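K.L.:
Here you go, one structure.
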Amino acid sequence: MDEQIISDVEQWLDEVVIGLELCPFAAKPRREGRVRIAVSHARDEEALLNDLQAELERLSDTPAEQLETTLLAIPDMLEDFADYNDFLDAVDLWVEHFGWEGELQVASFHPQYQFADTDSDDPGNLTNRSPWPLLHIIREESLEKIIAHYPDVDAIPERNVKRMKALSAEERNRLFPYLFG
């Protein structure tokens, strides 16, 4: 089961995130093998927070030259986006409580991801739709270094929404088989 989950996330990362250049910063660490994909089989929030804590510690304790970022897949809970979104409040409190603020941050991806003030079928939501609920742990220092040298970083979200809206039905089916297949 874990192999399939990891394969799903790798395919999404390679074909959607990197392939469509949604995150212009992801290709290099992926190519260099510095992206960890972990699977949590937690079935309650406390266990998931413990798994998240372990991944936060692993990332913090490992040099960026060895491990740049972690994607924590959550196949056994938080299938409903509203529940997942509510859980993100606990994640933020956890990061703050354990002193990771300013060092690590957690980004969110989910199969039902929906931005505020959008319809559920808005193609722009595809920018954050992953095959499994994910917590993406990011090193803030690395992100700040990359952003400092990237022109017009604020335009990335709008550019990504346009890219998703421009996809044909065939491309959506191929790239998001867990949604349209």
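K.L.:
Suppose the filter is not in a helix (DSSP H, G or I) and not hydroxyl-bearing (Ser, Thr, Tyr); does Gly124 pass it?
P.N.:
So Gly124 does not fit the description; no.
K.L.:
Sticking with this one: Could you list, in sequence order, all residues of segment 90-144 that are farther than 30 Å from Glu3 by Cα, aliphatic (A, V, I, L, M) and modelled with pLDDT under 95?
P.N.:
Residue satisfying the conditions is Ala116 alone.
K.L.:
Return the residues of segment 105-119 that are more than 16 Å from Pro133 (Cα to Cα) and not charged (D, E, K, R); say none if nothing qualifies.
P.N.:
Across segment 105-119, the qualifying residues are Gln105, Ala116, Thr118.
K.L.:
What is the residue count in segment 21-50 for residues that are assigned to a loop (DSSP other than H, G, I, E, B) and either within 13 Å of Asp76 (Cα to Cα) or among the hydrophobic types (A, V, I, L, M, F, W, C) (or both)? Full working, then the answer.
P.N.:
As a first pass, look at segment 21-50 and keep what is assigned to a loop (DSSP other than H, G, I, E, B): 21-26, 32-34, 40-44.
With either within 13 Å of Asp76 (Cα to Cα) or among the hydrophobic types (A, V, I, L, M, F, W, C) (or both) added as a condition, the list becomes 22-23, 25-26, 40-44.
Qualifying residue count for the region: 9.
K.L.:
Looking for whichever is in contact with a helix residue (DSSP H, G or I) (Cβ under 8 Å, 6 or more places away or on another chain), of a type in the set (Asp, Glu) and touching a residue at least 12 places away in the same chain (Cβ under 8 Å) here; the options are Glu65, Glu79, Glu55, Glu45. Which one fits? Before you say what the answer is, go through the steps one by one.
P.N.:
On the way: Glu65 fails: in contact with a helix residue (DSSP H, G or I) (Cβ under 8 Å, 6 or more places away or on another chain); Glu79 fails: in contact with a helix residue (DSSP H, G or I) (Cβ under 8 Å, 6 or more places away or on another chain); Glu55 fails: in contact with a helix residue (DSSP H, G or I) (Cβ under 8 Å, 6 or more places away or on another chain).
Going through Glu65, Glu79, Glu55, Glu45 in turn, the sole match is Glu45.
K.L.:
A further question follows. Looking only at segment 68-90, count every residue that is among the hydrophobic types (A, V, I, L, M, F, W, C), farther than 26 Å from Leu179 by Cα and crowded, with 18+ Cβ neighbours inside 10 Å and tell me the total. Lay out the reasoning, then the answer.
P.N.:
Of segment 68-90, the ones among the hydrophobic types (A, V, I, L, M, F, W, C) are 71-74, 77-78, 81-82, 87-88, 90.
Applying the additional criterion that residues be farther than 26 Å from Leu179 by Cα yields 90.
Filter once more, keeping what is crowded, with 18+ Cβ neighbours inside 10 Å: none.
Selection size over segment 68-90: 0.
K.L.:
Pairs under 8 Å by beta carbon, first residue touching a residue at least 24 places away in the same chain (Cβ under 8 Å) in segment 94-118, partner part of a loop (DSSP other than H, G, I, E, B) and of a type in the set (A, V, I, L, M), six or more apart or different chains?
P.N.:
His110/Leu78
The values are calculated or read from the model by the stated rules, or taken from the named source; none is laboratory data. Fair warning: this is a prediction, and the values are worked out from it, not measured in the lab. A quick note on method: Cβ atoms are made from the backbone with ideal geometry, for glycine too, and the neighbour counts reach across all protein chains shown.
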